[in-house]
1. Would you mind counting up the charge near MET60? Only other residues with Cβ under 13 Å from its Cβ, with Lys and Arg at +1 and Asp and Glu at -1.
2. Sorted by packing (mean other beta-carbon atoms within 10 Å per residue), highest first, where do 213-225, 13-25 land?
3. For region 113-157 and region 92-108, what is the separation of their C-alpha centers, rounded to whole Å?
4. Normalised by the empirical 2.2 N^0.38 Å for globular proteins, what value does the Cα Rg of the chain take?
5. Can you give the direction-averaged projected area of the convex hull of the alpha-carbon atoms in region 178-265, in nm²?
6. Where in region 186-221 does the amide nitrogen come within less than 17 Å of the point 7 Å from the Cα of GLU251, taken along Cα to Cβ?
7. Count the net charge of all other residues whose Cβ sits under 9 Å from the Cβ of ARG220, scoring Lys and Arg as +1 and Asp and Glu as -1.
8. Using modelled backbone amide H atoms (1.01 Å from N, in-plane), which distant-in-sequence or interchain residues come within less than 5 Å of TYR33's amide H?
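The values are calculated or read from the model by the stated rules, or taken from the named source; none is laboratory data. Small disclaimer: the values here were computed from a predicted structure and weren't measured. We place every Cβ from the backbone using ideal geometry, glycine too, and count neighbours over all the protein chains shown. Protein only, heavy atoms only, side chains kept; ligands, DNA and RNA dropped before computing areas. Shrake-Rupley method; radii C 1.70, N 1.55, O 1.52, S 1.80 Å.
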Amino acid sequence: MKYTVLSLFPELIDAFFNLSILGKAVERGIVEYCPVNIRDFAFDRHKTCDDAPYGGGAGMLMLAEPLGRALESVGARNRFEVGDGAEKVRVIYLTPSGRPFTQDLAQELSQERELVLICGRYEGIDQRIIDAYVDDELSIGDYVLSSGETAALVLIDATYRLVDEVITPASLREESFGGGLLEYPQYTRPEIYGNVGLKVPEILLSGHHENIRRWRLMKRVEKTLAMRPELIARGESAGLFDEETRSLIAELQQHKGAKDERDKGD
Ligand code: SAM
């Protein structure tokens, strides 16, 4: 997988590719990083990359021309010039007004050969760049960051670890969102922690693999119902849950319903 990142401050991204598992994936040639400084494509000697928006309003906007030239330099093609069918790389603009970036989308993007990421600054980028070059507008959440670099890092971090051979498949299997559920709680040494003696649940020390598996599934369902009930509804309508998970959901929902009724009566 190759990440081509267009930014006015690529040094913010550089360090990330040198460290930890991602650094190793780059060393092993599984992941490639190509930083592009949009400023290198500015026309004037001041390397200007922003200007005031037409129609007035607060703030500045990134200029279309340097960004368009930077995109052309990495193989992106203006669809009004070459048409939609032409061979081209997948271009993503990180923006708060994009569609939500999710684990499913991370999985899909991790299968691409190359992603070209545009990091916005100021009030964002000229709409004509989006119309001409961008394939996906993606948001990492319902809040406004000051720059697209942090959003691009989130996308890179969530996708590279799903690229084949970066992480062992077993480590990914029961992670949050896998199979439509959140992860179960985890514990490591010591067995008893802190002054009040917080203990690791007995079942995890039992060595009984089947009981541990069932307990973990129950905890996944319990946590998902408490934190993200909409994931349960989504998983149910997508048919993601097996019989065992469905009956646990029904049991825990019944239990919660009865508790809510009791609390109302108090
Ligand atoms: N004026 C824009 C708006 O209201 O939608 C916000 C621009 S923001 C200050 C500057 C840049 O940060 C954007 O161009 C985008 O690249 C990035 N950005 C901010 N929030 C983001 C989010 N939630 N997801 C992805 N990118 C974001």
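1. Values: positive: ARG121; negative: ASP50, ASP51, GLU123, ASP126.
Spelling it out: positives minus negatives among the neighbours equals -3.
2. Details: 213-225: 18.2, 13-25: 14.8.
Answer by packing, highest mean first, reads 213-225, 13-25.
3. Each part's Cα centre sits 9 Å from the other's.
4. Values: Rg = 23.6 Å, N = 266, 2.2 N^0.38 = 18.4 Å.
The reported ratio for this selection is 1.29.
5. Numbers: hull surface 30.6 nm².
Computed as one quarter of the Cα hull surface, the answer is 7.6 nm².
6. 203-204, 209-221
7. Details: positive: ARG216, LYS219, LYS223; negative: GLU174, GLU183, GLU222.
Once all neighbours under 9 Å are counted, the net charge is 0.
8. TYR3
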